[in-house]
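Following: one structure in structure tokens, then a few remarks.
The values are calculated or read from the model by the stated rules, or taken from the named source; none is laboratory data. Predicted model, so just to flag it, every value in this text is computed and none were measured. Cβ placement follows ideal geometry from the backbone for every residue including glycine, while neighbour counts extend to all protein chains displayed. To get the accessible areas, we keep the full protein, side chains included, count just its heavy atoms, and leave off ligands, DNA and RNA. Shrake-Rupley method; radii C 1.70, N 1.55, O 1.52, S 1.80 Å.
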Amino acid sequence: MALSRRSAQTVRMSAPPAARTAPSTARNRDPILDVLRTRLPTKGLVLEVAAGAGEHAVHFAAALPALQWRPTDADTEALASIAAWREHAGLRNLLPPLRLDASQPDIWPIQRADAVVAINMIHISPWSATVGLTAGAARVLPSGGGLFLYGPFIESDAPTAPGNVEFDRSLRRRNPDWGVRHLDDLVGLAVAQGIALAERLTMPANNLLLVFRKP
């Protein structure tokens, strides 16, 4: 475990060439890790969909050395960034990144995973990507396996934070297919795919972490 902590600290100090960084990662990775640490299986394979720059993958793999962490993304530059972070960290349990388009679950390069994680994905991608994500998760997860989704959501029984309202507007100005999703729509979609919402966890900065389980 000491080696894992040193690896994570080294990664935080400097970004290697070709690696991207996101300021939000430094703020949200530890609260997310606190949730994952007690809910992921003790061993097995975690599939991260839309891993982006790869900073979360390095941080989580360093903190959870008994798990194999497989980062994926559909974007070529993201895959290069993940690979750069992985080489820099030197973590045995952080697997090479794979190209994966969430909207095409029938051709995912992964046949089985013990958990699926997607962070800040579904509001900056078309709804078809969320449809594919839930369908793919339902296919690769074992019974009891979890799909973990982090990000902002709109809830019918709770007021939406003004910041999330403005964020939704800004996203839709950038791309009409993007936007903060309604939790009820997501739950209905997941149920149709055979997975159910098990936990709704309040996170910092008006975000939620949703845990769906395959019965």
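Restricting the stretch 104-144 to residues that are more than 15 Å from the chain's Cα centre (by Cα) and among the polar types (S, T, N, Q), the residue that is farthest from A62 (Cα to Cα) is S128.
Residue count for the stretch 98-124, restricted to those that are among the charged types (D, E, K, R), more than 30 Å from R27 (Cα to Cα) and in a loop (DSSP other than H, G, I, E, B): 1. Per the listing E77, E87, the residue uniquely out of contact with any Pro (no Cβ under 9 Å at 6 or more places or on another chain), outside any loop (DSSP other than H, G, I, E, B) and over 27 Å from P204 (Cα atoms) is E77. Quick one: is A50 within 23 Å of L201 (Cβ to Cβ) and of a type outside the set (V, I, T)? Against the criterion (within 23 Å of L201 (Cβ to Cβ) and of a type outside the set (V, I, T)), A50 qualifies. Taking each residue of the stretch 202-215 that is in contact (Cβ under 8 Å) with a residue 40 or more places away in the chain and open to solvent by less than 70 Å² (accessible area, probe 1.4 Å) and looking for partners that are assigned to a strand (DSSP E or B) and among the β-branched types (V, I, T) with beta-carbon atoms closer than 8 Å, six or more apart or interchain, yields L208/T202. If you go through the stretch 125-145 and keep only what is open to solvent by 50 Å² or more (accessible area, probe 1.4 Å) and in a loop (DSSP other than H, G, I, E, B), you end up with P126, S143. Checked against (1) at pLDDT below 95; (2) crowded, with 16+ Cβ neighbours inside 10 Å, S24 passes all but a single condition, namely (2).
Being hydroxyl-bearing (S, T, Y) and open to solvent by 20 Å² or more (accessible area, probe 1.4 Å) is the requirement here; does T72 meet it? No, not satisfied. Out of A62, A51, A66, report the one residue that is open to solvent by 50 Å² or more (accessible area, probe 1.4 Å), at pLDDT 95 or above and small (G, A, S). Only one candidate passes the filter, namely A66.
Table: residues versus (1) without any contact (Cβ under 8 Å) to a residue 60 or more places away in the chain; (2) closer than 18 Å to K214 by Cα; (3) not hydroxyl-bearing (S, T, Y).
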{"site": "R92", "(1), (2), (3)": "yes, no, yes"}
{"site": "L98", "(1), (2), (3)": "yes, no, yes"}
{"site": "S103", "(1), (2), (3)": "yes, no, no"}
{"site": "I107", "(1), (2), (3)": "yes, no, yes"}
{"site": "A115", "(1), (2), (3)": "no, yes, yes"}
{"site": "I119", "(1), (2), (3)": "no, no, yes"}
{"site": "S125", "(1), (2), (3)": "no, no, no"}
{"site": "A137", "(1), (2), (3)": "no, yes, yes"}
{"site": "V140", "(1), (2), (3)": "no, yes, yes"}
